[in-house]
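Here the structure comes first, spelled out in structure tokens, and everything after it is commentary.
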Amino acid sequence: MAPDSSDRIRRYDLVTPMRPCRDELLNGFERILSSGQYILGPEVHALEREMAAACAAADAVGVDSGSSALLAALELTGVGPGTEVVTTPYTFVATVEAVIRLGATPVFVDIRPHDLNIDPSLIETAITSRTRAIIPVHIFGTPCDMDPILAAARRHGLDVVEDMAQSFGSFYRGKPCGSFGRLASLSFYPTKNLPAMGDAGMVMCRDAADAAELRRLRGHEAIRVRGRLVSGWNFRIDELQSMVIRVRLARFADEQRDRDRVAAIYNELIPADHRLPDPETTAGARVTHHQYWVRTSRRDELQKHLAAHGVETGIYYDPPIHRHPLAEYCRAATSLAQAERAGAQVLTLPIHPALPEASARRAGALVRDFLLTEPAAVPTRPGG
Ligand SMILES: Cc1ncc(COP(=O)(O)O)c(C=O)c1O
């Protein structure tokens, strides 16, 4: 029997968190409407300052999407024809599209089964004389193990560009995502941790000189990178989106607490070997759950079971990018068996700041009961 619509537990609720901001948003709209400054004005400058502070970056440059943020950041590191970029196949396709659009080759290494992030111990096997950069993607809001990634980059003279599209608000060893690489790209897509009401993105910069170059690039100025002339483009962010993001940024800590509350309920109900192990095991880690995932070899069955009870879920990334049509442009440097298993086993549960506790309890209990009837648990940790 189809569940009553009042029993439905939706993956996202983009409207409810906007409601308490209504007056501020309408005032902001009115202010911008009468200012006549619709692009790259005071809201953008204020957002850039606030976001740089939040991510412990020297500066931040607003752009029109997370995809543009990646493209512009990679362009600045000299990624271009004949170069290679080491990254994970277990990511949204935009990570790889940016590399390919610049004429470079994405080189994949496998992920770690317990956190679904790039396995730092495999990175050096993928590095060649053509490698220019490494893109760690903090997937679902879980910070990558940055120390060994940065060490490998230092040893080989490579740039690190963090793809933090999903991880605003997450920390690794007490430092925010976005503060580790030379550059980091962020998305404000409406389902992300910190949302716009449309498309927008940002590049975090460790070095203020990089921010100055990116501002030229986003406004159609050509710049020289490692001797090569790089064409400018329209990567601009607008005032309205920046205003909306600032309004939500002021509420971010509260919303993060609401997400944490949901994650704590799921953690309590779902066996640890079927989900992200407690982040407290890594000193100074903080996970801002962009997605909350569970994994089981009976993933499709679990999804159907939850749907029958009105619980919406998501499947990521199935297949991972090395099975995507764009794989034609990519190279695998290691076995990608863990990424494939994750693609076949991972299911994401509803998590957002407006999710009622009772809904999280109901969804979590359904998952727990399903998993407890599983004949044999699938090991999710190395050696597990
Ligand atoms: C990992 C990752 N990288 C890049 C992007 C691209 O961001 P946008 O959708 O803002 O272009 C996304 C967005 O979904 C993402 O999840």
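Here, each number is a calculation from the coordinates, and none is a lab measurement. No experiment lies behind these values; they were computed from the predicted model shown. Backbone-built Cβ (ideal geometry, glycine too); neighbour counts: all protein chains shown.
How many Å³ per residue does the convex hull of the Cα positions in region 33-163 occupy? Let's see the in-between values first.
Numbers: hull volume 16.0 nm³, N = 131.
Given the Cα convex hull of region 33-163, per-residue volume reads 122 Å³.
For Cα pairs less than 8 Å apart in space and 6+ apart in sequence, what is the mean separation divided by the residue count of region 16-248, i.e. the relative contact order in percent? Mind dumping the intermediate values first?
Details: 506 pairs, mean separation 62.5, N = 233.
For region 16-248, the relative contact order is 27 percent.
In the chain, what % of DSSP beta bridges are antiparallel (nearest 5)? Please list the in-between numbers first.
Numbers: 25 of 42 bridges.
In the chain, approximately 60 percent of DSSP beta bridges are antiparallel ones.
How would K304, K192 line up from fewest to most surrounding beta-carbon atoms within 10 angstrom?
On the way: K304 11, K192 19.
With the sparsest Cβ surroundings first, the list reads K304, K192.
Using the count of nearby Cβ atoms within 10 Å as a rough guide to exposure, how do H324, H274 rank from fewest to most?
Values: H324 16, H274 21.
Starting with the residue having the fewest Cβ neighbours, the order is H324, H274.
Viscosity 0.890 mPa s, temperature 25 °C: what is the translational diffusion coefficient of the chain from Stokes-Einstein with a Kirkwood Rh over Cα pairs, rounded to a whole number of µm²/s?
Values: Rh = 21.4 Å.
Value of D from the Cα-based Kirkwood radius: 115 µm²/s.
By the scheme Lys and Arg +1, Asp and Glu -1, what is the net charge of all other residues having a beta-carbon under 13 Å from that of C144? Intermediate results must be reported in sequence, preceding the final value.
Values: positive: R112, R173, K175; negative: D115, D119, D145, D147, E162, D163.
The answer is -3.
Pick out which of V86, V96, V367 has the largest mean-square fluctuation in a Gaussian network model of the chain, springs linking Cα atoms closer than 10 Å.
Fluctuation is largest for V367.
Neighbouring Cβ atoms within 10 Å as the yardstick, rank F92, F108 fewest first.
Values: F92 19, F108 26.
With the fewest neighbours first, F92, F108 line up as F92, F108.
Per-residue HN-Hα couplings for region 236-247, Karplus 6.51 cos²θ - 1.76 cosθ + 1.60 at θ = phi - 60°, whole Hz, x for Gly and Pro?
So the Karplus estimates, Gly and Pro as x, are 6, 9, 9, 5, 4, 4, 5, 4, 4, 4, 5, 4 Hz.
What dipole magnitude, in Debye to the nearest 20, does region 16-248 give about its Cα centre under +1 on Lys/Arg Cβ and -1 on Asp/Glu Cβ?
On the way: 24 positive and 27 negative charges, 64 e Å.
Rounded to the nearest 20 debye, it is 300 debye.
Per DSSP helix of 4 or more residues, -39500 (n - 2.57); summed, then divided by the residues of the chain. What does that give at 222 nm, rounded to the nearest 500? Present the calculation step by step, with values, prior to reporting the outcome.
On the way: 12 runs with 140 residues, N = 384.
So the helix-based figure for the chain works out to -11000 deg cm²/dmol.
For region 261-321 and region 135-166, what is the centre-to-centre distance using only Cα atoms, to the nearest Å?
23 Å
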